[in-house]
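Student: Questions regarding the structure given below will be posed in turn.
The values are calculated or read from the model by the stated rules, or taken from the named source; none is laboratory data. Worth saying up front: this structure is predicted, and the values here are computed from it rather than measured. Ideal geometry is used to build each Cβ from the backbone, glycine not excepted, and the neighbour counts take in all protein chains shown.
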């Protein structure tokens, strides 16, 4: 099978994207051909090795809007039946990850990583961090990842959710949904009758977290931003992890470096679950 994998390049993305490919290559089943594609949004310094730059999106001077521009544009460059949209600051750490995604997409139309609890975003549905889907859905629906944006305030809107939408978005009626990148995707997919499966998020402070720590000093440093190194498990085993806020934190920065080190220790089977 062939997989089109797209990532999106903004500030600091290149080093993260190369590390993402390193982890994917390390744990691939080698049964499928992955087409490594990237969309340049804004603030990127160079194209990561191993990727093909397929397009450059418009810079609309807002992080969420720029991300959405890239996701919307990527759909014009899909050539395979199986598609993955993934943030550059992710790492995939499950053996045969590509085969797992293919198998999930043979059962469901969409598969991916849910937003963590605690964010004012939709739950229990694949997020833009890792969103995999079968390209046939585009014959029936348009995937519009645009946020609901207030140009005057230059900010993403908060939308009070009604009773009918509460279950769909996984939040209580009357609560406000942060209409960030991809917020319309659950409605689009569910209302069209498509199916999905999702991996729930695990924060590093959780007893289910699986990335090790080198020592207590490293743990204390990482825990200063406990939501900046989220993990997702597949059937109880670590599948992927995300380094949040990478546009402000290069992979060579303090937390970027420690996230990378924890992954390397996991691959080497070193470190401890302190």
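Student: Given (1) surrounded by fewer than 20 Cβ atoms within 10 Å (Cβ to Cβ); (2) in contact (Cβ under 8 Å) with a residue 24 or more places away in the chain; (3) touching a strand residue (DSSP E or B) at 6+ places or on another chain (Cβ under 9 Å); (4) more than 30 Å from residue 139 (Cβ to Cβ), identify the lone condition not met by residue 194.
Tutor: Condition not satisfied by residue 194: (4).
Student: Here's another thing I want to ask about it. Search the range 17-43 for residues being in contact with a helix residue (DSSP H, G or I) (Cβ under 6 Å, 6 or more places away or on another chain) and at pLDDT below 95, and hand back the single one that is farthest from residue 72 (Cα to Cα).
Tutor: Among those that are in contact with a helix residue (DSSP H, G or I) (Cβ under 6 Å, 6 or more places away or on another chain) and at pLDDT below 95, it is 42.
Student: If you go through the range 52-68 one residue at a time, do you hit one that is part of a helix (DSSP H, G or I), more than 22 Å from residue 3 (Cβ to Cβ) and touching a strand residue (DSSP E or B) at 6+ places or on another chain (Cβ under 7 Å)?
Tutor: Yes, that holds for at least one residue.
Student: Tell me the residue from 59, 117, 103 that is exposed (fewer than 15 other Cβ atoms within 10 Å of the Cβ), in contact (Cβ under 8 Å) with a residue 12 or more places away in the chain and within 24 Å of residue 241 (Cβ to Cβ), please.
Tutor: Unique residue meeting the criteria: 117.
Student: Now for a different question. Being touching a helix residue (DSSP H, G or I) at 6+ places or on another chain (Cβ under 9 Å) and part of a strand (DSSP E or B) is the filter here, so list the residues in the range 1-16 that pass it.
Tutor: Passing the criteria: 3, 4, 5, 6, 7, 8, 9.
Student: When you look at residue 74, is it under 16 Å from the mean Cα position of the chain (by Cα), in a helix (DSSP H, G or I), farther than 18 Å from residue 133 by Cα and touching a residue at least 12 places away in the same chain (Cβ under 8 Å), yes or no?
Tutor: So residue 74 fails the test.
Student: Right, here's the next one. Looking at the range 231-274, which of its residues are crowded, with 20+ Cβ neighbours inside 10 Å and within 12 Å of residue 210 (Cβ to Cβ)?
Tutor: 231, 232, 238, 239, 240, 241, 262, 263
Student: If we keep just the residues of the range 95-120 that are over 14 Å from the mean Cα position of the chain (by Cα) and assigned to a loop (DSSP other than H, G, I, E, B), which is farthest from residue 209 (Cα to Cα)?
Tutor: The residue in question is 109.
Student: Next question, about the same structure. Kindly indicate whether residue 79 is over 13 Å from residue 5 (Cβ atoms) and either in contact with a strand residue (DSSP E or B) (Cβ under 9 Å, 6 or more places away or on another chain) or part of a loop (DSSP other than H, G, I, E, B) (or both).
Tutor: No.
Student: Filter the range 252-274 down to residues that are within 16 Å of residue 204 (Cα to Cα) and outside any helix (DSSP H, G or I), then give me how many there are.
Tutor: Summing the residues that are within 16 Å of residue 204 (Cα to Cα) and outside any helix (DSSP H, G or I) in the range 252-274 gives 4.
Student: Looking at the range 79-97, is at least one residue surrounded by 16 or more Cβ atoms within 10 Å (Cβ to Cβ) and more than 25 Å from residue 234 (Cβ to Cβ)?
Tutor: no
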